[in-house]
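Structure record follows, encoded as structure tokens.
Every number in this text was worked out from the coordinates using simple rules, so none of it is lab data. Because the structure is a prediction, the values reported are computed rather than measured. As a convention, Cβ positions derive from the backbone with ideal geometry for all residues, glycine included, and neighbour counts pool all protein chains shown.
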Amino acid sequence: MPELPTVAAFTDTYLPTVNGVTYTIRTWRERWERRGGRMDVVYPGSPTYDPDAGEHPTRGFDFPFYDGFRIGLPGIPDATEDVDVVHAHTPFLLGLSGRRLAGRVDAPLVASYHTPTAEYADYLADGRLSDTVERVALAYERWFLDGVDSVVVPSAPAREHLREVGVDAAVRIVPNGVDTEFFGPVDDAAFRDRYGLTGTLVGYTGRHGFEKDLGAILAAVDGLDPDLTVVFGGDGPARETLERRAAEVDADVRFLGFLEREELPAFYSSLSAFLFPSPVETQGLVALEANACGTPVVGVDAGALAETVVEGVTGYRFERGDVEGFRESIRRTLRESVDLRESCLEKRESTSVEHAVDRLAEVYDEVL
């Protein structure tokens, strides 16, 4: 096996923050090192996380308008000066540090497109000012991405979005991948007992962000089935609003709060359908995790979920804003849950992180 290039990954999102970006970077790093390579990570430090070897914290601060997101201050650790490839997972200050390092050591620069920068506009301003912030964010995003050697996106819809907003750089699809060694069907009895859950469950876990349109779940289950229980795992700025709305709908709705990673396979396995109305996903990793556990997904026909959710195979889709369509997709998924479960499990290996890292290695080879 040829020697793998040494990589320095710069990111604003890393442990102890728990989300799809963190898990993707962490899993890619573990698999890269398992193959004999080295992938250092530069990230905003936190007093609640002790870095492992090869993890280099810099100073950072909490983003005041987006709970749980941190901005790293510029920094280039000495240990990263001997890298072959720089991989920026953020366009912000640490991404600029990665760009500076790439220029300093004459290494190619790869950038991952995880979240549209313009999505943060609504957290910074309202109304007409929000439109201005979004235009500035898009212009900055184009400038940053057009200055790299290759852009990595997790799905074809994400690539099409970049083309639509005017990004001219080379764009390669590298799915985030699912850790199929970890995510798979398990006995959910202990999980149900721990949270007092019985009967047929549907639900969602992940960040409770306003941009994810989670209120659509409550509208869809209102009066749908008295024997159905809706469970929300996770936390975020939209949780209080969701809890207030949940008290007004005709449905049994439970909020479990933050779930440890070790609980997630049992959470997914306990569901008959994973409900995912978020229109802003670049891939929707939690949907693939659910599928890997045998759970079909009812997802919005927008963004990456238009590709991630395969109709009649891994779940069903509905049009954004179509409450009755959402309800009918839930009904259909529950009716076909046995067959959908089997087809989800048949696709497990095709979505594994091993395939993702194979593709990542190809991108690094291309830019070198």
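Evaluate region 189-350: find the radius of gyration of its Cα atoms, find its Kirkwood radius, and give the ratio Rg to Rh.
0.92
Express the relative contact order of the chain as a whole percentage, based on alpha carbon pairs under 8 Å and six or more residues apart in sequence. Provide the component values of the computation, followed by the final result.
Working: 736 pairs, mean separation 51.3, N = 368.
So the answer I get is 14 percent.
Can you sort F182, F10, F276 by how many other beta carbons sit within 10 Å, fewest first? Mind dumping the intermediate values first?
Working: F182 16, F10 32, F276 28.
Taking fewest neighbouring Cβ atoms as first place, the list is F182, F276, F10.
Which whole-number percent is the relative contact order of region 189-350 (Cα, under 8 Å, 6+ apart)?
Working: 309 pairs, mean separation 33.7, N = 162.
Relative contact order comes out at 21 percent.
Run the helix sum for the chain: -39,500 (n - 2.57) per DSSP H stretch of 4+ residues, divided by residue count, reported at 222 nm to the nearest 500 deg cm²/dmol.
-11000 deg cm²/dmol
Amide H neighbours of R38 under 5 Å, at least 5 residues apart or on other chains, H built in the peptide plane: list them.
So R38 has HN proximity to V7.
Return the sequence-ordered ³J(HN,Hα) values of region 274-284 in whole Hz as given by the Karplus equation 6.51 cos²θ - 1.76 cosθ + 1.60 applied to θ = phi - 60°, using x for Gly and Pro.
9, 9, 9, x, 5, x, 10, 6, 8, 8, x
With a 10 Å Cβ neighbour count serving as the proxy for reagent exposure, in which order, fewest first, do E349, E354, E164 appear?
Numbers: E349 12, E354 15, E164 8.
Lowest to highest Cβ neighbour count: E164, E349, E354.
Starting at the first residue of region 9-19, write each ³J(HN,Hα) from the Karplus equation 6.51 cos²θ - 1.76 cosθ + 1.60 with θ = phi - 60°, in whole Hz, x for Gly and Pro.
Listing the rounded values in order: 9, 10, 8, 8, 10, 7, 3, x, 4, 10, 6 Hz.
Could you pull out every residue, at least 5 positions away or on a different chain, whose amide H is within less than 5 Å of the one on A170? Hs are placed 1.01 Å off N in the peptide plane, and Pro or chain starts have none.
HN-HN under 5 Å from A170: V151.
Could you give the semi-axes, largest first, of the ellipsoid that matches the chain, computed as the square roots of 5 times the alpha carbon gyration tensor eigenvalues and rounded to whole Å? Mind dumping the intermediate values first?
Working: eigenvalues 241, 103, 76 Å².
Output for the chain: semi-axes of 35, 23, 19 Å.
Scan around S278 for amide H atoms under 5 Å from its own, H built in the peptide plane at 1.01 Å from N, and keep only partners 5 or more places away or cross-chain.
HN-HN under 5 Å from S278: V300.
Along region 162-170, what does the Karplus equation 6.51 cos²θ - 1.76 cosθ + 1.60 (θ = phi - 60°) give for ³J(HN,Hα), rounded to whole Hz, x for Gly and Pro?
These are the phi-based 3J(HN,Hα) values: 5, 5, 5, 8, x, 6, 9, 5, 5 Hz.
Quick check on packing: order 241-249, 292-300, 330-338 by the mean number of other C-beta atoms within 10 Å, highest mean leading.
Ranking, from highest mean packing down: 292-300, 330-338, 241-249.
Taking other Cβ within 10 Å of each residue's Cβ, how do F274, F63 sort, fewest first?
The order, fewest Cβ neighbours first, is F63, F274.
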